[in-house]
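Colleague: One structure, pasted below without further comment.
The values are calculated or read from the model by the stated rules, or taken from the named source; none is laboratory data. What you are looking at is a predicted structure, and each value in this text was computed from that prediction instead of being measured. Note that we place each Cβ from the backbone using ideal geometry, even for glycine, and neighbour counts take in every protein chain shown. Each accessible area value is taken on the protein alone, full model and side chains, heavy atoms only, with ligands, DNA and RNA left out. Shrake-Rupley method; radii C 1.70, N 1.55, O 1.52, S 1.80 Å.
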Amino acid sequence: MKHPFFKIFFLYFNVFYAYGQMDFNIQESLKVINNSTELPMALAGGINSAQINMMDFNNDGIEDLIIYERTTGDIKPFQASGTTWIYRPDIKLKFPEVSNWLLLRDFNGDGKKDLFTSHPLGIQVFVNISTGADLLWRPFNQSNALETSGISGSINIYLSQDDLPAIDDIDGDGMLDIINFGYLSSTLEYNKNISTTQDTLIFSKVSDRWGDVEECGCGVFSFDVACAVLIGGKVEHTNGRALLTLDADGDGDKDLLIGEETCYYLEYLENTGNSTNAILRNPSDFPLSGIAAGLFLYPTPFYEDIDHDGKKDLLVTTNTKSNSSYYMNFKNNILFYKNQGSTSSPQFQYVQKNYLHNQMIDVGENNSPIFEDMDNDGDYDMIVGRQTDVDFSGRSSSLYLYENVGTSLEPIFQLVNNDFLNLSSRLFFNIKPQLADIDNNKNMDLIFTANYENQGYAIVYYILNPSFFNFNITMDNLNSLEFYLDIDDTFYFYDIDNDEDLDLLFGHTEGNLELYENKGFRNLQDFEFSENNFFNFGIGSVLGAPSVEISDIDNTGEKDLLVSGNNGSIFLFREFERFLNNPPVPENFLLYYRDESYISENILGSINRLSVVNLYNEDLPGIAVGTEEGGLHFLRNRNAIQFKEIEHYSVNPIPQQKGEFIKFDSNRKIIVQIFSIKGQKMSPAIKIRSEEDFHFMTQDLAAGVYIARIYYDEYSYEVKKFVVTN
């Protein structure tokens with residue numbers, strides 16, 4: 001046994017000296033085509049539950065877009081660029097910690113948006129103290145929660161963590177006031193800003209029934225009397241509610257929009273009073289004409305000039321924290337209503353239901369990318385599994401197939417099938433795929449977990465691929481294994497014990513990795529529980545279920561282990577099979593965006609699955625990151641060297657001395673067989689996968705001339721002569 005000091009020194013040397021630092025660029029662009037249209041922000045990572053704000057974060061005089069992602073807590077900044085946006089992940093590190101909600105409002109009149117967000121005791125504020133393009137904040141009032149004064153003295157402006165308040169100048173005095181539902185209340189509180197100067201925030205609760213209205217349920221409001229009297233029973237309010245004030249009818253006072261967590265439509269209440277004495281009446285779905293704003297869960301309004309035409313538009317999104325029922329369609333849930341009137345007297349025209357979603361890869365929720373050269377043309381195609389799709393017929397899921405219509409040097413992915421294998425007809429949802437050679441015949445098979453409609457657990461399925469050169473699988477060959485997982489658990493097949501069959505790792509939502517060893521042989525599956533905390537990943541090791549990827553990421557010839565959690569962190573263990581009985585401390589690598597460096601933790605948002613792939617024919621592969629928001633990021637190794645594209649294969653060196661080897665290298669799958677000059681078979685047919693170096697040893701060959709017959713499809717082959725000398 002080695003001395004502990006030696007082990008520590010060895011690990012330090014091993015990670016930081018022998019290997020060198022792993023540095024990756026967060027790739028800004030990737031050509032992806034959907035319906036003949038190139039996606040301008042293909043790698044922006046997807047969006048589930050968006051809170052929408054505008055601010056000029058780079059001080060160029062044009063307001064940019066800030067999305068707070070409610071389901072994952074991620075901030076997604078987008079820089080304005082003409083009529084489109086540029087995703088800027090570096091900017092998110094310049095924001096303070098935010099929870100539950102984010103509203104950007106300029107409370108002190110300096111022309112810079114300040115930040116309002118949730119506090120354990122109510123609402124907290126961060127003051128924008130930016131100079132130039134350097135985005136900076138300071139806590140207002142030492143990060144204490146905002147207070148309001150009333151009959152009983154000062155109290156916190158407390159609201160449910162699922163609520164979104166209206167922060168607006170309600171009475172037209174130039175100061176920002178706050179309208180919110182009282183905690184567990186069905187009436188509205190009006191906290192008037194009574195500050196005498198704009199550099200502070202002093203509130204007084206002047207009403208706990210603003211607008212003389214009480215919300216009783218979806219589209220049901222009570223005026224003058226309590227809800228309990230109106231509906232004949234007790235009213236319970238446990239759901240989140242979002243508020244927006246705007247002058248919807250152009251009469252000079254603020255009307256109210258309400259979205260509730262369990263309601264489908266956005267509700268409108270007209271202010272029939274005035275700016276100082278609001279009387280809310282005439283409830284209706286909103287907008288009043290055209291297509292009403294409806295979402296399955298928690299429709300939430302935002303009023304921002306999203307198209308930079310000088311008029312604020314209406315954006316309606318979902319503000320749900322999770323998709324626990326799996327009935328929310330997370331790829332069609334940003335409704336854009338263009339303002340054809342003015343900000344003070346708007347007229348909203350419906351434009352689309354997938355604003356931003358249609359500019360990026362966004363399959364809805366939980367993107368699981370895998371890569372394979374499906375047509376054996378020398379470049380990688382992409383398959384994406386996703387959580388669920390929803391329409392009025394129910395919920396289902398599918399596999400998206402993107403064909404690489406570019407090259408191995410410049411990939412271009414085109415969506416050719418959004419229901420590969422027609423899995424949606426089986427009513428599968430929550431599909432998570434992997435490619436692995438489960439029957440040990442050098443052909444990549446498709447493995448995936450999925451749930452049925454009313455099934456509270458996932459099953460492991462697999463489809464064997466009978467073809468080596470192409471990926472020809474059908475649902476006729478669908479099989480399953482006797483494993484039942486929680487819906488959010490992950491899986492990964494790999495030969496951990498190096499006995500020529502695939503073992504199985506499960507990532508559980510508690511954070512641990514569970515190992516089942518395959519006690520069968522080659523193409524037999526006989527799994528037996530081995531350990532509950534593989535590689536020291538026990539309960540609480542990561543947030544959510546750990547996702548595993550095993551690949552030679554540093555091109556040393558040995559496999560590396562990558563494990564990620566849904567908080568955006570990635571753990572790297574080089575040559576992990578050397579340390580199965582004594583796992584080392586994981587290695588972190590740096591991520592770069594443009595010319596600035598960032599620590600990898602949390603910069604990527606919420607990770608669903610990693611997939612190591614060599615998209616650009618380089619000596620070091622990159623990492624595709626599937627996100628919980630349904631999108632994709634790609635990390636490209638900063639130190640990688642791009643090779644020239646080879647035509648099918650290369651064979652070298654030729655001629656050979658007896659006892660040396662011939663190296664076969666190919667950018668696509670080939671089968672090689674060696675013959676003597678007289679046609680005698682000197683080797684079996686040898687399958688060689690793309691990017692797999694194969695060394696054929698010549699020690700058993702007598703001196704003479706030989707032929708390598710090289711198949712690159714089922715029917716065609718080329719020959720290469722070589723000479724073996726004594």
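Colleague: When you scan region 201-235, how many residues do you find that are open to solvent by 40 Å² or more (accessible area, probe 1.4 Å) and under 30 Å from Phe107 (Cβ atoms)?
Modeller: Restricting attention to region 201-235, the residues satisfying the condition of being open to solvent by 40 Å² or more (accessible area, probe 1.4 Å) are 202, 205-206, 208-209, 212, 218, 220, 223-226, 228-232, 234.
Next, only the ones that are under 30 Å from Phe107 (Cβ atoms) stay: 202, 205-206, 208-209, 212.
The qualifying residues number 6.
Colleague: Moving on. Take Tyr462 and decide whether it is open to solvent by 40 Å² or more (accessible area, probe 1.4 Å), in contact (Cβ under 8 Å) with a residue 12 or more places away in the chain, touching a strand residue (DSSP E or B) at 6+ places or on another chain (Cβ under 9 Å) and more than 29 Å from Pro583 (Cα to Cα).
Modeller: Numbers: open to solvent by 40 Å² or more (accessible area, probe 1.4 Å): no; in contact (Cβ under 8 Å) with a residue 12 or more places away in the chain: yes; touching a strand residue (DSSP E or B) at 6+ places or on another chain (Cβ under 9 Å): yes; more than 29 Å from Pro583 (Cα to Cα): yes.
When the stated conditions are applied, Tyr462 does not pass them.
Colleague: From the set of residues in region 638-668 that are out of contact with any strand residue (DSSP E or B) (no Cβ under 7 Å at 6 or more places or on another chain) and within 19 Å of Ser716 (Cβ to Cβ), which is modelled with the highest pLDDT?
Modeller: Restricting to residues being out of contact with any strand residue (DSSP E or B) (no Cβ under 7 Å at 6 or more places or on another chain) and within 19 Å of Ser716 (Cβ to Cβ), the top hit is Arg668.
Colleague: Filter region 487-515 down to residues that are open to solvent by 20 Å² or more (accessible area, probe 1.4 Å) and either more than 21 Å from Asn430 (Cα to Cα) or at pLDDT below 90 (or both), then give me how many there are.
Modeller: Count: 9.
To keep it simple, each residue is scored yes or no on (1) in contact with a Phe, Trp or Tyr (Cβ under 9 Å, 6 or more places away or on another chain); (2) open to solvent by 50 Å² or more (accessible area, probe 1.4 Å); (3) outside any strand (DSSP E or B).
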| site | (1), (2), (3) |
| --- | --- |
| Asn358 | no, yes, yes |
| Ile361 | yes, no, yes |
| Ile370 | no, no, no |
| Asp375 | yes, yes, yes |
| Tyr400 | yes, no, no |
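Colleague: Within region 327-339, can one find any residue that is in contact (Cβ under 8 Å) with a residue 40 or more places away in the chain and over 22 Å from the mean Cα position of the chain (by Cα)?
Modeller: So far as region 327-339 goes, yes, one or more of its residues are in contact (Cβ under 8 Å) with a residue 40 or more places away in the chain and over 22 Å from the mean Cα position of the chain (by Cα).
Colleague: I need the full set of residues from region 516-554 which are among the polar types (S, T, N, Q), without any contact (Cβ under 8 Å) to a residue 40 or more places away in the chain and open to solvent by 40 Å² or more (accessible area, probe 1.4 Å), in order please. Give the derivation first.
Modeller: At the first step, the residues of region 516-554 found to be among the polar types (S, T, N, Q) are 518, 523, 525, 530, 532-533, 536, 541, 547, 551.
Applying the additional criterion that residues be without any contact (Cβ under 8 Å) to a residue 40 or more places away in the chain yields 518, 530, 532-533, 541.
Answer for region 516-554, where residues must be among the polar types (S, T, N, Q), without any contact (Cβ under 8 Å) to a residue 40 or more places away in the chain and open to solvent by 40 Å² or more (accessible area, probe 1.4 Å): Ser530, Asn532, Asn533, Ser541.
Colleague: Keeping to region 312-334, report how many residues are open to solvent by 10 Å² or more (accessible area, probe 1.4 Å) and closer than 26 Å to Glu63 by Cβ.
Modeller: Summing the residues that are open to solvent by 10 Å² or more (accessible area, probe 1.4 Å) and closer than 26 Å to Glu63 by Cβ in region 312-334 gives 3.
Colleague: Looking only at region 201-218, which residues are without any contact (Cβ under 8 Å) to a residue 60 or more places away in the chain and part of a loop (DSSP other than H, G, I, E, B)? Before you say what the answer is, go through the steps one by one.
Modeller: In the first step, residues of region 201-218 are kept if they are without any contact (Cβ under 8 Å) to a residue 60 or more places away in the chain; the result is 202-209, 214-218.
Listed by number, the residues that qualify are Ile202, Asp208, Arg209, Cys218.
Colleague: For region 68-85, how many residues are in contact (Cβ under 8 Å) with a residue 24 or more places away in the chain and either open to solvent by 50 Å² or more (accessible area, probe 1.4 Å) or within 20 Å of Asn566 (Cβ to Cβ) (or both)? Show your work before the answer.
Modeller: Pass one, region 68-85, residues in contact (Cβ under 8 Å) with a residue 24 or more places away in the chain: 68-76, 78, 80, 83-85.
Of the ones still in play, those that are also either open to solvent by 50 Å² or more (accessible area, probe 1.4 Å) or within 20 Å of Asn566 (Cβ to Cβ) (or both) are 68-76, 83.
Going through region 68-85 one residue at a time, the tally reaches 10.
Colleague: Let me ask something else about it. Take region 50-74 and flag every residue that is modelled with pLDDT of 95 or more, under 12 Å from the mean Cα position of the chain (by Cα) and not charged (D, E, K, R).
Modeller: Correct list: empty.
Colleague: Quick check, is Asn443 closer than 19 Å to Ile383 by Cα and open to solvent by 30 Å² or more (accessible area, probe 1.4 Å)?
Modeller: For Asn443, the condition - closer than 19 Å to Ile383 by Cα and open to solvent by 30 Å² or more (accessible area, probe 1.4 Å) - is not met.
Colleague: So, in region 158-172, how many residues would count as being under 15 Å from Asp253 (Cα atoms), under 35 Å from the mean Cα position of the chain (by Cα) and open to solvent by 20 Å² or more (accessible area, probe 1.4 Å)?
Modeller: Summing the residues that are under 15 Å from Asp253 (Cα atoms), under 35 Å from the mean Cα position of the chain (by Cα) and open to solvent by 20 Å² or more (accessible area, probe 1.4 Å) in region 158-172 gives 1.
Colleague: Search region 112-155 for residues being of a type in the set (A, V, I, L, M, F, W, C), over 19 Å from Ile52 (Cα atoms) and not in a strand (DSSP E or B), and hand back the single one that is most open to solvent (accessible area, probe 1.4 Å).
Modeller: Filtering first and then ranking leaves Ile151.
Colleague: Still on this model: Please count how many residues of region 649-702 are assigned to a strand (DSSP E or B), surrounded by 13 or more Cβ atoms within 10 Å (Cβ to Cβ) and small (Gly, Ala, Ser).
Modeller: Final tally of qualifying residues: 2.
Colleague: Something else about it: Do you know which of the residues in region 565-589 that are part of a loop (DSSP other than H, G, I, E, B) and either hydroxyl-bearing (Ser, Thr, Tyr) or within 24 Å of Asp74 (Cβ to Cβ) (or both) is most open to solvent (accessible area, probe 1.4 Å)? Even if it seems obvious, please write down each step before you answer.
Modeller: Narrowing region 565-589 to residues part of a loop (DSSP other than H, G, I, E, B): 565-569, 574-575, 580-586, 588-589.
From what's left, either hydroxyl-bearing (Ser, Thr, Tyr) or within 24 Å of Asp74 (Cβ to Cβ) (or both): 565-569, 586, 588-589.
On the way: Gly565: 1, Asn566: 51, Asn567: 40, Gly568: 0, Ser569: 10, Pro586: 48, Asn588: 88, Phe589: 2 Å².
Among them, the one singled out is Asn588.
Colleague: Would you be able to tell me the number of residues in region 469-486 that are over 23 Å from Asp526 (Cα atoms), open to solvent by 60 Å² or more (accessible area, probe 1.4 Å) and either assigned to a strand (DSSP E or B) or touching a residue at least 12 places away in the same chain (Cβ under 8 Å) (or both)?
Modeller: Number satisfying all stated conditions: 1.
Colleague: Which of the residues belonging to region 173-200 are open to solvent by 30 Å² or more (accessible area, probe 1.4 Å), closer than 17 Å to Asn108 by Cα and either assigned to a loop (DSSP other than H, G, I, E, B) or β-branched (Val, Ile, Thr) (or both)?
Modeller: Matches in region 173-200: Asp173, Gly174, Ile194, Thr196, Thr197, Gln198, Asp199, Thr200.
Colleague: Give the number of residues within region 340-356 that are out of contact with any Gly (no Cβ under 8 Å at 6 or more places or on another chain) and surrounded by 22 or more Cβ atoms within 10 Å (Cβ to Cβ).
Modeller: Qualifying residue count, region 340-356: 2.
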